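Readers should treat all values here as calculations from the given coordinates under stated rules, not as data from a laboratory. This is a predicted model, so every value here is computed, not measured. We place every Cβ from the backbone using ideal geometry, glycine too, and count neighbours over all the protein chains shown.
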Amino acid sequence: MTLDSNKVRLVMSDPVQLQSEPEAVKIPPFISTPVDHIPVIRATLKNAFKTGRTKSIQFRRQQLLSLAYLIKDNFHLFQQALASDLGRSHHETTILELGSTLTEVMTAYHNVAKWSKPEKARWSLNYFAMNPTIRKEPKGVVLIISPFNYPLWVSLGPFAGAIAAGNACTLKPSELTPAFSALLAELFPKYLDPDLYTVINGAIPEATKLLEFQWDHILFTGGSRIASIVLTAAAKTLSPVSTELGGKSPAVIDPNCDLKLTARRLVWGKVANAGQTCIAPDYALVPKSIVDQFVQACKDVLSDFYPEGAESSDSFARIVSPSHFNRIKGLLDRTEGEIVYGGGMNSQTKFIEPTIVTGVKGNDSLMGEEIFGPILPVIEVENVDEAIDFINARDHPLSLYVFSSNRAFKDKVAENTQSGAVVMNDTLTHCVAEGLPFGGIGPSGSGYHTGKYSFDMFTHLRSTLDNPTFLERLLWARYPPYNEQKAKSFMLLTLPSMPARTAAGGYAGSKRWGPLLIASVVAVSSFVLLIGRPRLVRA
Amino acid sequence: MPELKYNSAAEIDDAYETLQATFRAGTTRPLSWRKHQLNQVVLLLRENLDAIVQSFAGDLGKPRVEVITGEVGPIVRRTIQSVALLDEWASDERVAAPDWQQSWSPTVLKRPKGVVLVISPWNFPVFLTFQPLIGAIAAGCPAVLKLSEIGPGVSTLLADLLPKYLDRSAYRVINGGVPEVTHLLRLKWDHITYTGNGTVGRIVAKAAAEHLTPITLELGGKSPVLIDPNTTNLKIVAKRVLWGKSRNAGQICVAPDYVLIPRAAQDAFVEAIKEAAAELRLDDALASTDSYGSIVSEGHYRRLRNLMTTSSGTIVVGGNTNEERRRIAPTVYRDVKEGDSLLEGEIFGPLLPIVPVDDVRQAIEYIDAHPRPLVLYAFTEDPEVKQALRDETRSGGLHFNDVLSQAGVDQLPFAGVGESGYGNLTLKYTYDEFTYLRGSVDIPLTLEPNLSTRYPPYTPAVIEALAIKSGAVQAPTAAATASA
C-alpha cells in the first residue's frame, strides 16, 4: 500500500491536547549523561544494530508510529518545557513545531517501505545479465546533534529519517533547553527501543566525548563555529557529516511590492521565536525610495501583533540564555544605525523587544554575525543590482527572501545569487513545503533533510552485481595475454564512433549520439558474442 | 622518466582567483557551454590515445589494452552519456506537493556548488581524474585538478593537453607534492573530491573542516574475496580472482586483496590457481609489455618486496621479481594466518594471500570484525550465503561471482563506507556531488486569508482553528496494522 503525500496530511480525530494539564506529569530535572557512560551507550547501539532487527520494515514502522505518539501524547509537556526554556507561548510551539514534526514522522511511516526498496540499475546490454542492483542499507550507528531553537522539528524530524533508514541513532539535544532535553530523555525509553534509540544529554564535555568516536553519519545543526569543531573531530574518524548551519538570510524588497503584505510576512518571520530561527529574515535590503513607507508598514504590523506591546503579550518568546541575551544586546549597543522602533530590553526575563534599526551600513555591528534575535536592520540600496552585489559579497545564506510581484525582478535576484533556498513573498514557510530539500550551501551548510532527504542522508547505496558463471565464455577477451584481436574487440566496444568536428567548431549531427551509441554497442556486442561462440555449460 | 614540473604558489593562487571570477561571471552556467567542454574531453582522449599509452611507460607500464578498457574507454563512454543526459539531470523539478501547498510552486532548482578541487591518485590517473572532472563540468563547477606526482608521465601529459582542449578560465591542472597540496587545501573550495588513502583522507577532511567545505572521499582498504567451495566452480573462480589481482599489477582500490576459503578446499583451490596461472601466462609477467605492468615507483616496489620477505605464507605460484623494471610476478600464498604481514594494510600489489578458515560462517565473522572494505567479493551460488552477506556485513559494494567488473557498470554508484570513504560517484551521482539543491517557493499574495491564523496575537479562535489544521495523528486500525 502506498500513500501519496495528500493522504499523509493529518486528520482530526482524537485531537492533541493544546492546553496544559493541571495535574501534568512533572518534567524531570536536566541530568548530563556521565561521560564514561557514553562509550557504553555507543557499544549498546552497535550491538543492537548488529542483531539486525532494524532490517524489518515492520519494526521500523512500529518505532516510527511510537515516535509519533511520543510527540502527540506528551505535547502539553513539550509546550510547558519550551515555555520554561524559551519563554515561548504554548500556541507558538503548536504553530511552529507540532504539525511540521508530526508530518515528518508520519511521512517516514507511510513511505519507508517504498524508500527502502532496492533499485534496479537502468538496463544496459553489457550488464543486464549480472542483475546490477542498488541496495538501500542503513549506514549503521548515527549521531544527531541539535540546537535550542526548534528542538522538536530539528531533532525528531531527522530522527525519523534515521529510524526509517534502519539505523541505530543517538540524539544529543541542546543543554540550553534543559527542560525539553530532560523530557526527551525521560520519554524515549517509554516509547522507543532503548538499545537502538537513545538521548545523550550534556554540554561540551559530553559532546566532545561523543565526537571522539566514529559514527556512520553525523547530522549537526547549529552555528558555524561549532560546526568546524565537529567537522575537525569527524575528520579523525572519517565520519561523514551533514551540517545545517545558518548565516544572515537577506530579504530583498522590490519598490513596487505590496508593502503592507510584505511587512506583515517579513516581520512575522522576524518575531517568530523572537528571531531565533536559522531561516529568519536577518536583514532587509530596501530601496531608498520607499524606506520610510517600509518602516512605517513594519511598525503598523508590530502594533497589530502586540496591541499592548510585546513584553506583555503572551505571544512573544524570550531569548534562550543570558549569554545570548548579552550577545544580542551588544550588537544593538554598538550599532551606528538609528533605532526607530523598539530597543527595549529586560535582562531578568531575557526579553528583547522587536526592534527596527535604519541607516545600517555593511560594516555595522548588526551585520557582523547572524543576529538570531528580534532586531531588523534596514539597509538602504539604490536598486536591485546593489542589493545583489551586497548579498554576493557575503557568505551564501541559508535562505534568500524576495518580496516582489514582478517576474523579472524575482528571476534576476534568484539567478544572480546562491542560497540554500529562495523564497518569494514570504518567510519561513519553505521549511514545511513537503518534498523540498532543506539545506544550505557554503557556510550555511551541506546536506539536506526533511522527508525522503532525511532517509537518504542516513542510507548507504550499496551496489551489487551477480555475475553468473556461464558468462565465462563471453569474457574471453578480457584475459591476458592480450593480442591485437582482443584489443580490437575492446576498441569497438568502448570507443564508439563520434561525429566529426566541423570547421565552425560544432559537431556534425551531434544530436544523434545517443541512438548512435546504442546502435554501435548492440552491433559490437553481437559481434563479440558471435566470435566468442559461447558454450552455456560449466567448464 | 620525464621531470614533472611543479606549479608555484603564485600559479596556484592565480588558478584559484581566475576560476572564482569565471564562476561569478556565469560562464559555466549554460548547458550548451558545458556540453561543449564535455565533448572536448572526449576529443582530448580520443585524439591522444597513443600519447596517453606512452605516458605510462616510465612508471606503471600499463598495457595498451588496460589503458583502453580501464582508463580511456569508460571515460569516453561516460562523457558521451553525460552529454546525452545533462538536460535531464539539470532540469528543475517541480515537487508533487499536497493540495494546500500546490499554489506555492515548490520547485527544486539544480545549481552548481561553485569552484571545486579534485585530487587524484597515480593508479588510474586518467579514469580517477576525469570521472570527477566530467561530473564537475556537467554540474557547472570550475575545477582545479591536482594530479599525482608519483606518476609523472601522465601528469605531465595531462598538464600539457588539458589547456589545449578545455577552457583555461574554468579548468586548471596543478602539479606538485606535499607543499603544493597543502597550499591548495588552505584555500576555500565549494567541494573537494579526494581519491587515495585514509591517512591523507583525514588530512583533507581536516582542512575542509576549516572552511566547512563538503567533501567526497574515495579511499581503500582490504577488499576480501570469500569463496564458498560447495557451490562454485573453483577453476573459474581461480581464473577470475587471479585476473583481478594481476590487472594493473594489483594497484587498484577495488582489487581482490585477500581470499578467505574453508581449509578443506584450500588444496583444490591451489590446484585451480596453478592451472589459471598457466592459462594467463603469469610467468610472462616480468617481461611482457602488452599484458602486464609494473609497480609504480621504487618506494612501492620496496614496500611490496618487504611484504614478500616478511610473510609466513607459502608461495604456490609466482614469487619472481625484477628490480630494474620494478616487476613482481603475480604471486599467490597459501596458509596465511592472522597477523601475517600480508594482512596488515591494503596490499596494493600483485600478491594474493589465501587465508584458510573453518567454514563460510567463520569467513563472514572475520570480514565483519575488520574495517569496512570498499568492496566485498563472494563466489557462491548459495542463496543463504548471499543473503547472510547482504544482511550481516557492510561494505561499499557487494559483488558476487566476479571481481572488478562492477567498475564498468555506468549505472551503479561507486562509494565507500566507514574507513573506505563516503560520497557517491559515477555519472549522475558525480553530478549530484557537485550540485546543490536549492529549494524554491513562491507564495501568492492572495493566500493571505489562509495564513491569518499564524500571526499573533493568538486568540482562542485561532487556537481552535490550529487544532484542526496541525493536530492529530490518526492511529491505523488494527486491520491496517496487521497488513502493514
Legend entry - Unit charges at the beta carbon, dipole of the protein assembly as shown: most positive-side option, A:G161, A:P377, B:A238: B:A238
Legend entry - Out-of-range pairs (alpha-carbon distance over 20 Å; input A:K139/B:K337; A:K486/B:K239; A:K139/A:K236; A:K209/B:K188; A:K117/B:K386; B:K110/B:K428): A:K139/B:K337; A:K209/B:K188
Inset, instruction - Over every pair of different alpha-carbon atoms in the stretch A:249-439, take the mean of 1/r and invert it; report that Kirkwood radius in Å. - result: 16.6
Inset, instruction - Work out the length of the dipole vector of the protein assembly as shown about its Cα centre, built from +1 on the beta-carbon of each Lys and Arg and -1 on the beta-carbon of each Asp and Glu, and round it to the nearest 20 debye. - result: 2540
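Please get the size of the charge dipole for the stretch B:319-448, origin at its Cα centre, with Cβ charges of +1 on Lys and Arg and -1 on Asp and Glu, quoted in debye to the nearest 20. Don't skip to the end; give the middle numbers.
Working: 12 positive and 23 negative charges, 92 e Å.
Charge dipole, the stretch B:319-448, about its Cα centre: 440 debye, nearest 20.
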Legend entry - Farthest positive-ward along the protein assembly as shown dipole, Cα basis, beta-carbon charges - from A:P151, A:Q348, A:V271: A:P151
Legend entry - Positive-end residue, the protein assembly as shown charge dipole about Cα centroid, Cβ charges, pick of B:V126, B:L219, A:S181: B:V126
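For chain B, what class follows from the C-alpha gyration tensor (a ≥ b ≥ c being the square roots of its eigenvalues): rounded when a/c is under 1.5, otherwise prolate if a/b is larger than b/c, else oblate? Could you put the intermediate results ahead of the total?
Numbers: a/c = 2.42, a/b = 1.38, b/c = 1.75.
Cα axes put chain B in the oblate bin.
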Inset, instruction - Give the span of the protein assembly as shown's Cα atoms along each principal axis, as three whole-Å numbers ordered largest to smallest. - result: 93, 66, 47
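Of all the stretches in chain B, which is the longest one without any exposed loop site, taking GluC sites (Glu not before Pro) in a DSSP loop (any state but H, G, I, E, B) with at most 13 other Cβ atoms within 10 Å?
Working: sites that count: B:E3, B:E323, B:E324, B:E338, B:E344.
That would be B:4-322.
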Inset, instruction - Sum up the charges of everything whose Cβ sits under 10 Å from the Cβ of B:D257, counting Lys and Arg as +1 and Asp and Glu as -1, but leave B:D257 out. - result: +1
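Ignore the peptide's own chain and count Cβ atoms of other chains within 10 Å of each Cβ in B:396-408; give me the average, rounded. List each step's numbers first, then the result.
On the way: counts 4, 7, 8, 7, 7, 7, 9, 1, 1, 9, 7, 1, 6.
The mean count of partner-chain Cβ atoms within 10 Å per residue comes to 6.
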Inset, instruction - Once you have a ≥ b ≥ c as the square roots of the Cα gyration tensor eigenvalues for the stretch B:2-88, tell me rounded if a/c is under 1.5, and otherwise prolate or oblate according to whether a/b is larger than b/c. - result: oblate
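So, with +1 on the Cβ of K and R and -1 on the Cβ of D and E, and no other charges, what is the size of the charge dipole of chain B about its Cα centre, to the nearest 20 debye?
Numbers: 48 positive and 56 negative charges, 178 e Å.
Approximately 860 debye in magnitude.
Say R0 is 60 Å: what FRET efficiency, to the nearest 0.05, do B:A9 and A:K190 get from their beta-carbon distance?
0.50
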Legend entry - Hits among aspartates and glutamates - C-alpha to C-alpha of A:K410 under 13 Å, sequence gap 8 or more where chains match: A:D254, A:D385, A:D426, B:D442
Legend entry - Average beta-carbon neighbours from other chains, 10 Å sphere, peptide B:422-428: 2
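Report the Stokes-Einstein translational diffusion coefficient (µm² s⁻¹, integer) for the stretch B:224-410, Rh taken as the Kirkwood radius over Cα pairs, at 25 °C with viscosity 0.890 mPa s.
On the way: Rh = 16.5 Å.
Diffusion coefficient, whole number: 149 µm²/s.
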Inset, instruction - Determine the sum of side-chain charges near A:V291: Lys and Arg each +1, Asp and Glu each -1, restricted to other residues whose C-beta is under 13 angstrom from that of A:V291. - result: -2
Inset, instruction - Determine which aspartates and glutamates satisfy two conditions relative to B:K164: a Cα distance under 13 Å, and not lying fewer than 8 residues away in the same chain. - result: B:E47
Legend entry - 20 Å Cα-Cα reach of A:K270 towards lysines, excluding residues that sit fewer than 8 places from it in its own chain: A:K248, A:K260, A:K299, A:K329, A:K350, A:K361
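For the stretch A:341-392, take the convex hull of the Cα atoms, compute a quarter of its surface area, and give me that in nm², please. Write down the numbers at each step before the final one.
Details: hull surface 16.7 nm².
One quarter of the hull surface, i.e. the mean projection, equals 4.2 nm².
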